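Participant: Can you keep this structure in mind? I'll have questions shortly.
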Amino acid sequence: MKKTILITGCSSGIGYCTAHALHKRGYRVFATARRQQSVEMLLSEGLESLRLDLDDSASIQQAFQDIMHRTGGELYALFNNGAYGLPGAVEDLSREALRAQFETNVLGWLELTNLVLPIMRKQGYGRIIQNSSVLGFAAMPFRGAYNASKYAIEGLSDTLRLELMDSQIFISLIEPGPIATQFRANALKALQKYINVENSAHRDKYLAVLNRLNKPGPAVPFTLPPEAVLKRVIHALEARKPQPRYYVTFPTYLFGFLKRFLSVRLLDRLLAKAGNNN
């Protein structure tokens with residue numbers, strides 16, 4: 001029997017790359033996306049695809065039940081990947097903006113995870129892979145909502161790993177730095193929707209943020225293609241004992257190292273400079 005995996009956020013980038021690669025590798029992939037147009041595209045490319053909107057509990061429940069019906073109630077793995085970034089200074093974040101960020105990046109993931117866990121407990125095995133970020137452990141300015149959502153995912157995942165320690169259900173966090181995806185384009189839309197740039201005390205700094213988001217090609221050094229994340233996903237799926245954390249890209253390795261050895265004040269200076277320059 002083919003191993004089955006549910007992946008969220010497959011319309012482009014990491015999710016799209018991973019869904020196609022695992023399908024070719026022999027997995028039965030359920031590639032989900034928020035928009036029906038993306039679902040139709042994935043179906044036309046030979047994948048099993050369903051609509052799953054992480055902001056909509058009914059959509060999550062329906063997609064999960066459809067998948068369980070198709071698999072006879074079995075699921076080997078879940079790759080929580082669908083997310084977006086909301087740029088903006090913390091003082092410019094409204095309750096509505098932060099709630100929207102958490103609905104997609106945290107609460108939708110949690111609901112889906114809590115749906116698959118009873119299935120994995122019953123079958124006696126499973127893999128849950130969370131696509132976090134370097135910003136899940138190293139905060140940068142003007143990324144407060146996204147930082148907070150990824151810190152939350154890291155905290156939930158670390159706790160869940162402890163709670164499942166005596167089982168064969170493994171939890172892995174993948175922590176990429178810059179990856180070539182549609183992330184910047186989606187971040188620009190979120191900024192325009194939720195942040196009042198003209199009335200902000202940080203107006204001039206937002207101009208630099210907008211310049212970065214509109215820049216064609218890689219906006220920062222050390223940007224890697226989605227295949228760099230795919231390699232870690234494969235290891236997390238197929239290793240006998242997958243790692244709790246997988247670093248991806250040089251910035252993640254660098255800031256992971258610096259966080260262990262530098263004082264908080266010195267690390268703050270470096271992160272502030274890196275965040276303001278990029």
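The values are calculated or read from the model by the stated rules, or taken from the named source; none is laboratory data. This structure is a prediction, so every number in the text was calculated from the model and none was measured. In this analysis, Cβ positions are derived from the backbone assuming ideal geometry, glycine residues included, and neighbour counts consider all displayed protein chains.
Participant: (1) in a helix (DSSP H, G or I); (2) within 20 Å of the chain's Cα centre (by Cα); (3) more than 30 Å from residue 167 (Cα to Cα): which one isn't true of residue 252, the others all being true?
Facilitator: (3)
Participant: Being in contact with a Gly (Cβ under 7 Å, 6 or more places away or on another chain) and hydrophobic (A, V, I, L, M, F, W, C) is the filter here; which residues of segment 13-30 pass it?
Facilitator: none
Participant: Considering segment 219-261 alone, what residues qualify as being surrounded by 15 or more Cβ atoms within 10 Å (Cβ to Cβ), without any contact (Cβ under 8 Å) to a residue 24 or more places away in the chain and of a type in the set (A, V, I, L, M, F, W, C)?
Facilitator: 254
Participant: Next question, about the same structure. For segment 57-86, how many residues are in contact (Cβ under 8 Å) with a residue 40 or more places away in the chain and under 25 Å from residue 187 (Cα atoms)?
Facilitator: 11
Participant: Looking at segment 85-98, which of its residues are buried (at least 21 other Cβ atoms within 10 Å of the Cβ) and either modelled with pLDDT under 95 or under 21 Å from the mean Cα position of the chain (by Cα) (or both)? Full working, then the answer.
Facilitator: Going residue by residue through segment 85-98, those that are buried (at least 21 other Cβ atoms within 10 Å of the Cβ) are 85-88, 92.
85, 86, 87, 88 - these are the residues of segment 85-98 that are buried (at least 21 other Cβ atoms within 10 Å of the Cβ) and either modelled with pLDDT under 95 or under 21 Å from the mean Cα position of the chain (by Cα) (or both).
Participant: So which of 149, 157, 172 ends up being surrounded by 20 or more Cβ atoms within 10 Å (Cβ to Cβ), without any contact (Cβ under 8 Å) to a residue 40 or more places away in the chain and either out of contact with any His (no Cβ under 7 Å at 6 or more places or on another chain) or under 13 Å from residue 85 (Cβ atoms) (or both)? Can you show your working first?
Facilitator: Values: 149 fails: without any contact (Cβ under 8 Å) to a residue 40 or more places away in the chain; 172 fails: without any contact (Cβ under 8 Å) to a residue 40 or more places away in the chain.
That would be 157, the only listed residue that is surrounded by 20 or more Cβ atoms within 10 Å (Cβ to Cβ), without any contact (Cβ under 8 Å) to a residue 40 or more places away in the chain and either out of contact with any His (no Cβ under 7 Å at 6 or more places or on another chain) or under 13 Å from residue 85 (Cβ atoms) (or both).
Participant: Considering segment 58-87 alone, what residues qualify as being under 18 Å from residue 35 (Cβ atoms), part of a helix (DSSP H, G or I) and among the hydrophobic types (A, V, I, L, M, F, W, C)?
Facilitator: Across segment 58-87, the qualifying residues are 58, 60, 63.
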